[in-house]
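Here is the structure we will look at, set down as structure tokens.
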Amino acid sequence: MKRILHPVVFVLAVLLVFEEWLWDRLKAGFRHLAALPPMQALDRRLRRLGPWASLGVLLFPALVLLPFKLAALWALGNGHPMLGVGVLVCAKLTGTGVAAYLFDVVRDSARTLPWFDRLYLAVISLLARAKAWLKAQPAYRSAARSLHRVKRLARAWWPRFGRAGRMSRKLRAAKTLVARR
């Protein structure tokens, strides 16, 4: 039985860690949007919500994206696999990003509810155990070493193509222009 469950648990642990990584990256991206003045006002209002209203806010991404997910399933069922998968991926990324940002804003208020705080701590504990178990697996360590080598090679080659490249100059100029405004 362990031989059957081991690969399944490994895949689930990888998905759990990937979801957390995606959550952190998307939350950072949404923080850049939160620097805009209208978003700052929304952020202040969300932080003043009570615990139950904070939990209600967390339902927002799921409710807004449900029609898109249903449309994606319709597209998949009607012979449009690329469209369906594309919409599902976009909905997942958008929903995860918005949920991560909103959770970051309302987490402290929601944690004042004892049952939510226990649930939050249990999930954090489960995630920590999954990470520890995953990092102990030989396949994970091998993949991490390979990824580290690829990153090192990319950093070695990046200055040749990236820093002096036309696109990099344009991106830096756009970033500077946005920062000035």
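Values for this structure:
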{"item": "Ratio of Rg to Rh over the chain (Cα coordinates, Kirkwood Rh, two decimals)", "result": "1.03"}
{"item": "Under 14 Å, Cβ to Cβ, from THR94 - net charge with Lys/Arg +1 and Asp/Glu -1", "result": "+4"}
{"item": "Per-q log10 I(q)/I(0), segment 73-121, q = 0.24, 0.31 Å⁻¹ (Debye; single scatterer per alpha-carbon; no solvent)", "result": "-0.81, -1.01"}
{"item": "Shape of segment 57-163, Cα gyration tensor, a/c cut at 1.5", "result": "oblate"}
{"item": "Of the DSSP H helices in the chain, those whose Cα atoms cover at least 18 Å axially and whose Kyte score averages 1.0 or more", "result": "60-77, 81-110"}
{"item": "Cα→Cβ-extended label distance, 7 Å offset, between ARG118 and LEU171, nm", "result": "4.7 nm"}
{"item": "Label-to-label distance, nm, for residues given as ALA71 and ALA132 (7 Å Cα→Cβ offset)", "result": "4.5 nm"}
{"item": "Stokes-Einstein D in µm²/s, Kirkwood radius over Cα pairs - segment 24-91 at 25 °C with 0.890 mPa s viscosity", "result": "172 µm²/s"}
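Read-outs: derived from the displayed coordinates by stated rules, not from any lab. Please read all numbers here as calculations on a predicted model, not as lab measurements. Backbone-built Cβ (ideal geometry, glycine too); neighbour counts: all protein chains shown.
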